[in-house]
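J.: Got a structure for you, written out below as structure tokens; questions coming shortly.
The values are calculated or read from the model by the stated rules, or taken from the named source; none is laboratory data. Model, not experiment: these values are computed from the prediction. Protein only, heavy atoms only, side chains kept; ligands, DNA and RNA dropped before computing areas. Shrake-Rupley method; radii C 1.70, N 1.55, O 1.52, S 1.80 Å.
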Amino acid sequence: NLLLIESSEKIIDVVTRMLRRTSFKLNLDFSRSARDALDMLVPELYDVAFANLSLADASGVETAFRVIARSPSTKVVTFGNHPQYTPAALKSLGVAAHLPVPFEPHALELALHDVFGLWQPYVLKAIDKVEKLDQTGVDHLFRPSAGAAP
């Protein structure tokens with residue numbers, strides 16, 4: 001379950017399209033204001049909350065920290081830019097991941113993998129390829145042949 005906290009309809013549309021193209025099956029809820037987000041935030045209900053740092057009605061940073069305080073099990077991913085908070089500072093204050101704007105769908109996918117502590121898709125593909133190799137067919141590549149110089 002994911003709560004998207006964003007006041008701009010245009011940004012909601014863009015981020016929603018990106019989220020729907022990830023490898024995750026997400027139940028999306030939207031909040032167009034900080035106040036609504038905090039009213040909607042039942043502890044333990046949302047796995048992830050995406051919060052824009054520059055909300056129209058309130059400080060996105062304050063909203064993100066209030067989400068963390070109200071529901072510690074909800075992973076907060078912030079996006080946007082804020083002059084006072086670097087991504088490292090946000091992480092040290094409890095934000096699970098930060099996406100500077102503009103970001104691409106690939107960055108969003110990687111952030112979700114990091115938030116849930118999952119391996120990145122490229123690692124899984126590499127492991128799958130290695131497991132499919134016939135080890136007897138490649139052993140000769142790592143052993144010197146009988147007539148080769150040492």
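J.: In the calculated pair distance distribution of region 1-46, what percentage of Cα-Cα distances lie above 18 Å?
T.: Cα-Cα pairs of region 1-46 separated by over 18 Å account for 29 percent.
J.: Expressed in whole Å with the largest first, what are the equivalent ellipsoid semi-axes of region 1-128 derived from the C-alpha gyration tensor as the square root of 5 times each eigenvalue?
T.: 23, 15, 15
J.: For region 1-125, report the accessible area per residue in Å² (1.4 Å probe, heavy atoms, rounded to an integer).
T.: 55 Å²
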